[in-house]
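Report on the structure given below.
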Amino acid sequence: MAKPKVDPDLCIACGLCEQICPDVFEMGDDVAYAKDVNCEDYPCCDEARESCPVEAITCE
């Protein structure tokens with residue numbers, strides 16, 4: 001099962017991932033966080049990963 005991860009050292013908290021895929025990503029105070037879900041169950045997860053301007057999102 002591939003789980004989304006956001007690298008807090010790369011994330012610039014732009015909020016784009018949450019806008020694209022709010023079922024998977026949410027904004028914290030300084031960075032975005034990925035919920036404990038399977039990437040394959042949420043097609044928007046790949047779109048958010050591909051749209052991240054700093055490539056902070058991975059699915060592992």
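Assorted remarks:
- Scan of the stretch 21-60 for residues that are closer than 14 Å to ALA2 by Cα and of a type in the set (A, V, I, L, M), ordered by number: VAL24, ALA34, VAL37, ILE57
- Matching option when the condition is at pLDDT below 95 and within 10 Å of the chain's Cα centre (by Cα), among ASP7, ASP30, ASP46: ASP46
- Only listed residue being open to solvent by 30 Å² or more (accessible area, probe 1.4 Å) and touching a strand residue (DSSP E or B) at 6+ places or on another chain (Cβ under 9 Å), chosen from ASP7, ASP29: ASP7
Results for (1) of a type in the set (D, E, K, R); (2) touching a residue at least 24 places away in the same chain (Cβ under 8 Å); (3) surrounded by fewer than 16 Cβ atoms within 10 Å (Cβ to Cβ); (4) not in a loop (DSSP other than H, G, I, E, B), shown as yes or no for each residue.
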{"residue": "MET1", "(1), (2), (3), (4)": "no, yes, yes, no"}
{"residue": "CYS14", "(1), (2), (3), (4)": "no, yes, yes, no"}
{"residue": "CYS17", "(1), (2), (3), (4)": "no, yes, no, yes"}
{"residue": "ASP23", "(1), (2), (3), (4)": "yes, no, yes, no"}
{"residue": "TYR33", "(1), (2), (3), (4)": "no, yes, no, yes"}
{"residue": "ASP36", "(1), (2), (3), (4)": "yes, yes, yes, no"}
{"residue": "CYS45", "(1), (2), (3), (4)": "no, yes, no, yes"}
{"residue": "ALA48", "(1), (2), (3), (4)": "no, yes, no, yes"}
{"residue": "GLU55", "(1), (2), (3), (4)": "yes, yes, yes, no"}
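The values are calculated or read from the model by the stated rules, or taken from the named source; none is laboratory data. Keep in mind the model is a prediction, meaning the values are calculated, not measured. In this analysis, Cβ positions are derived from the backbone assuming ideal geometry, glycine residues included, and neighbour counts consider all displayed protein chains. With ligands, DNA and RNA removed, areas are computed over all heavy atoms of the protein, side chains included. Shrake-Rupley method; radii C 1.70, N 1.55, O 1.52, S 1.80 Å.
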